[in-house]
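Coordinate-derived values only; no laboratory data. Computed from a predicted model, the values in this text were never measured in an experiment. Here the Cβ positions follow ideal geometry from the backbone for every residue, glycine too, while neighbour counts run over all protein chains shown.
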Amino acid sequence: MAGHESEKLSEAHPMNSDQEELLTTPRNLSRRQSKKSLRLKDFSSLKSFRVADLGCSVGINTFFAVRNIIEAVELKCQSQQGLDFHRLEYQVFFNDHSSNDFNTLFMSLPRDRRYYALGVPGSFYQRLFPVVSLHLIHSSYALHWLSKVPKEAIDRSSLAWNKGRIHYTNGPAAVVNAYTAQYANDMENFLHSRAQEIIGGGLMLLTIPCRPNGIPHSRTLPSKAYDLLTSCLMDLAKKGLTSEEKVDSFNIPIYNASPQELEVAISKNGCFSIEGIENLPRVQRQEHDSVSKSPLFTSHVRAAMGALFADHFGHEILDELFQLYQEKLEESSIFELGSSTNAINLFLLVKRKTTC
């Protein structure tokens, strides 16, 4: 992999906000759990309430989440005597990588918003805010992206070189272990950074794609999806539209942790308590066959990862790549795997301890 391409690929690329139906339940949970768990008497002297959305991308879902959070805070104020939500002002920090289209994001800001909006470019695996400056952090469908591809996976001399695959899930143990170690290091950095930034008693609301405890990575829906993408790229290589060498040097920086791995990371950090953890219900659609589901699934994958593929392989292959991908999805039995036995979306409510 060329150095410039490697640098681009190593950055996490949070998923685009093209999941309106999928995000309805997390938004409702965010509002309910925020109202339930906030102890606003701890913040009774505040004049402003500060919220950060990490991995915001450019879609409208980030605005829905923020609105629900603010409504929850106002409802909590109303339920507690002596707290006047009318005097409380809100600052909302929208965070994503510097390559995110913040211009589009801010041009889409709701006109009736009740908060001051600020953009914060940078990786959420490092410090982004001053110490004890935030009251609530929200992140939805972003924390499964790693900060970078494990260096061993693209090192030809390493036992963890992931030759012929674009993801770790069906790789040998050395590849899986490299991704697992990268994830553990990233989560350590994430939690350490947030522990410094959140006020004691503050909350984190996290929605994360996971795999159930005890399920091997190779048996998950993402594993089968990435296998099909790999075969599409190899077909394009045979046509001369790309090369096998380029495929060998390409890895997707995503890791699907288990709930147990998340709990271990939080416990190891020691500064947060888990106030709630819930498997979100899967979206039920009327279509049951691969032919009906494939176009939507393909569009979601392209929206989330198209830029990643374009950076490495070039924009000119994208149309043919994803057309071929849709065709292979239609011929596959992949959607028979789409149950809670091999893939879950986890909602996690975490509170910053007052001391740690």
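Spatially, the stretch 47-66 and the stretch 115-190 are offset by 21 Å when compared through their Cα centroids.
A crude spin-label estimate for the pair ILE60 and SER98, with each label 7 Å from Cα along the Cβ direction, gives 3.2 nm.
If I stretch the segment between GLN126 and LYS238 completely, what's the gain in nm (0.36 nm per residue apart, minus their alpha carbon distance), one decimal? Full extension from GLN126 to LYS238 adds 36.2 nm. Does anything in the stretch 167-188 have its amide N under 14 Å from the 7 Å Cα→Cβ label point of LYS268, and if so which residues? Those under the cut-off are 177-188.
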